[in-house]
1. With charges set only on the Cβ (+1 for Lys and Arg, -1 for Asp and Glu), what does the dipole of the range 79-132 come to about its Cα centre, in debye to the nearest 20?
2. Could you calculate the contour length gain from Gln260 to Ser100, that is, 0.36 nm times the residue separation minus the distance between their Cα atoms, to one decimal place in nm?
3. How would Arg62, Arg274 line up by accessible area, probe 1.4 Å, largest first?
4. Testing the spin-label approximation: label points 7 Å from Cα along Cα→Cβ at Thr231 and Asp180. State their distance in nm.
5. Of Ser303, Ala56, Leu190, whose Cα points farthest to the positive end of the dipole of the chain (charges on the beta-carbon: +1 Lys, Arg; -1 Asp, Glu; origin at the Cα centre)?
6. I'd like to know which of His106, Ala10, Pro213 lies farthest towards the positive end of the charge dipole of the chain, counting +1 on Cβ of Lys and Arg and -1 on Cβ of Asp and Glu.
7. By how many degrees, 0 to 90 and rounded to 10, does the Cα axis of helix 101-115 deviate from the longest principal axis of the chain?
8. Placing unit charges on C-beta atoms (Lys and Arg positive, Asp and Glu negative, everything else neutral), compute the dipole magnitude of the chain about its Cα centre in debye, rounded to 20.
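The values are calculated or read from the model by the stated rules, or taken from the named source; none is laboratory data. The structure displayed is predicted, hence computed values, not measured ones. Cβ coordinates were reconstructed from backbone atoms using ideal geometry, including for glycine residues, and neighbour counts include every protein chain displayed. All accessible areas refer to the heavy atoms of the entire protein, side chains included, with ligands and DNA or RNA removed. Shrake-Rupley method; radii C 1.70, N 1.55, O 1.52, S 1.80 Å.
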Amino acid sequence: MIAWSPRVQAVADFGFTQRQARFLVTVMRHSGVCLQRQYATFAGIIHGQTTRKFFAKLVRLRYASAYRCRHNRGRVYQVHHKALYRAIGETDSRHRRPLSPARVVHGLMRLDAVLADSELVWLATDAEKAVHLTALTREPDRLPHIGIGTSATTGHVPFEKFPIGIDLDGRAVFLYLATDSEVGRLRAFLQRHFELLRSLPAWTLRIVSPPSPIGLAELHATTARQDLTATLRPVLMDELRRYFDERRKVADGGYEPPDQEHFDHAEQAFNSPRCQVLYRRWLTEGDRVFDFVSEGLKPALESGAGRIETVILPHQYRHLLPLVNSTTRKPQGPRT
């Protein structure tokens, strides 16, 4: 288990109750931003004077900055105080950086998703993910190839910014935020995580979305099922390898395919968004990326070892975008 108590006590030493400290630790580790309603949900209390006093204290003592929402109906709070982050061992956390519209939306959704499932142990940092997933995996030797550690030492992309939850049975829950209908990012996410998912005995892909647009979560879930189960026959794999190799040579210049008609046909056949993502990864990671389309994860999904589920959050977030655009440089409460 993660050593939560020392972190919570370190934050409580700044003059917060244990409950307030636990909330602040959760915010700093997973989002950096929060709303008053999220604290009320976390604490199991009615959103009232107790909540307002807590957030007023955060702003007054410069532990957080408050940003106006559209029509002044509320505030988004960014917890940024360096000493607080230092107390939990994450002084250089990305959550202390200036806000952007996407970061606000993703951060609030991420926090809602974490708060909605308190039964899971939520892993936030690469180091935590490496330790816990190494203990769970059936093939620990594969883990360095998917980015445990830093990209400088492995040569590959490190873990995603999304938290990973571990349940009491050892099932790993991978969080993915679906904020629009663009599924290209999901395809890249699945391909980067393929080796890890393949090596785990039990895993769940949890796709989280706001209530609208309607069908957003299911769109991503359908894409995930298709990409994780559709595989190519050996003869098509040979064609794909040949096409990728010739395509790179053509892009480098000074090369003409010996059979231009065959190349043109392959270009049309492998023009799907899935193959485009695969090609970009192949350029940097080599032939190992072909496992994604030659093996897939259909057996895991059919047996129940692998699951794809959707969670529709009860709140909207897009109304916060004008807030960030107009107040990023003018928060209420000085930054420290």
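1. Numbers: 8 positive and 7 negative charges, 80 e Å.
Dipole about the Cα centre, nearest 20: 380 debye.
2. Working: separation 160, 0.36 × 160 = 57.60 nm, distance 4.65 nm.
Result: 53.0 nm gained on full extension.
3. Values: Arg62 120, Arg274 30 Å².
Descending accessible area places them as Arg62, Arg274.
4. Placing both labels 7 Å beyond Cα along the Cβ direction yields 3.5 nm.
5. Result: Ala56, furthest along the dipole toward the positive end.
6. Value computed over the given set: Ala10.
7. Tilt relative to the chain: about 80 degrees.
8. Numbers: 48 positive and 34 negative charges, 562 e Å.
That gives a dipole near 2700 debye.
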